[in-house]
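The values are calculated or read from the model by the stated rules, or taken from the named source; none is laboratory data. Just so you know, these numbers come straight off a predicted model, no measurement behind them. Glycine gets a Cβ as well: all are built from the backbone with ideal geometry, and neighbour counts include every protein chain shown. Calculation scope for accessible area: heavy atoms of the full protein, side chains included, ligands and nucleic acids excluded. Shrake-Rupley method; radii C 1.70, N 1.55, O 1.52, S 1.80 Å.
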Amino acid sequence: MNENFDVEPQVLKAKITAETARIQWAELAKFYAAGQLLTVSGELDLIEVAFALATDQKAQFADWLAGSLVHRVSDDEAMYWHEQQRELWAVVISPWILVQDKQPQ
């Protein structure tokens, strides 16, 4: 989605919001295996993180990565979500899929 630099921010956020959906972990597992999933902490707004990634806000994204607020899905997370048959919020910002678990663990 990085080709959207010329799109108005509110239009891009609306597009990202429209493309965000709840999805079962079982449907995401193949993307986990390919290393394409990033977990977004519940402390952050999934849409704002997706927007930052789509608009190449490197400094902000680096801060989130450094603070472990955004990270690749860990083996432990993947196993837990599989065992719990978890449903996650997800949005694609190619080549990544951002996921967020809104349910208490």
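Structure notes:
- Residues that are under 14 Å from TRP96 (Cβ atoms), in a helix (DSSP H, G or I) and out of contact with any helix residue (DSSP H, G or I) (no Cβ under 8 Å at 6 or more places or on another chain) within region 29-42 comprise just one, PHE31.
- Pairs, first in contact (Cβ under 8 Å) with a residue 40 or more places away in the chain in region 48-75, second of a type outside the set (Val, Ile, Thr) and loosely packed, with under 12 Cβ neighbours inside 10 Å, C-beta under 8 Å, six or more apart: PHE51/PRO9; ALA54/ASN2; THR55/ASN2; THR55/PHE5; THR55/PRO9; ASP56/ASN2; ASP56/PHE5
- In region 43-96, residue nearest to the chain's Cα centre (by Cα) [restricted to those that are β-branched (Val, Ile, Thr) and in a loop (DSSP other than H, G, I, E, B)]: VAL73
- Residue tally, condition among the β-branched types (Val, Ile, Thr) and farther than 21 Å from PRO9 by Cβ, over region 34-74: 2
- In region 1-18, residue least open to solvent (accessible area, probe 1.4 Å) [restricted to those that are touching a strand residue (DSSP E or B) at 6+ places or on another chain (Cβ under 9 Å) and at pLDDT 95 or above]: ILE16
- Count of region 62-91 residues which are out of contact with any strand residue (DSSP E or B) (no Cβ under 8 Å at 6 or more places or on another chain) and either open to solvent by 80 Å² or more (accessible area, probe 1.4 Å) or hydroxyl-bearing (Ser, Thr, Tyr) (or both): 10
- In the set ALA66, ALA62, ALA50, only one residue is closer than 14 Å to VAL91 by Cβ and either modelled with pLDDT of 95 or more or among the β-branched types (Val, Ile, Thr) (or both); that residue is ALA50.
- Cβ pairs under 7 Å, 6+ apart, first in region 91-102 and under 14 Å from GLU43 (Cα atoms) and at pLDDT 95 or above, second assigned to a strand (DSSP E or B) and of a type in the set (S, T, N, Q): VAL99/THR39
- Failed condition for ALA26, given (1) assigned to a strand (DSSP E or B); (2) touching a His at 6+ places or on another chain (Cβ under 8 Å): (1)
- Criterion violated by VAL99 - all others in (1) over 15 Å from the mean Cα position of the chain (by Cα); (2) surrounded by 15 or more Cβ atoms within 10 Å (Cβ to Cβ) satisfied: (1)
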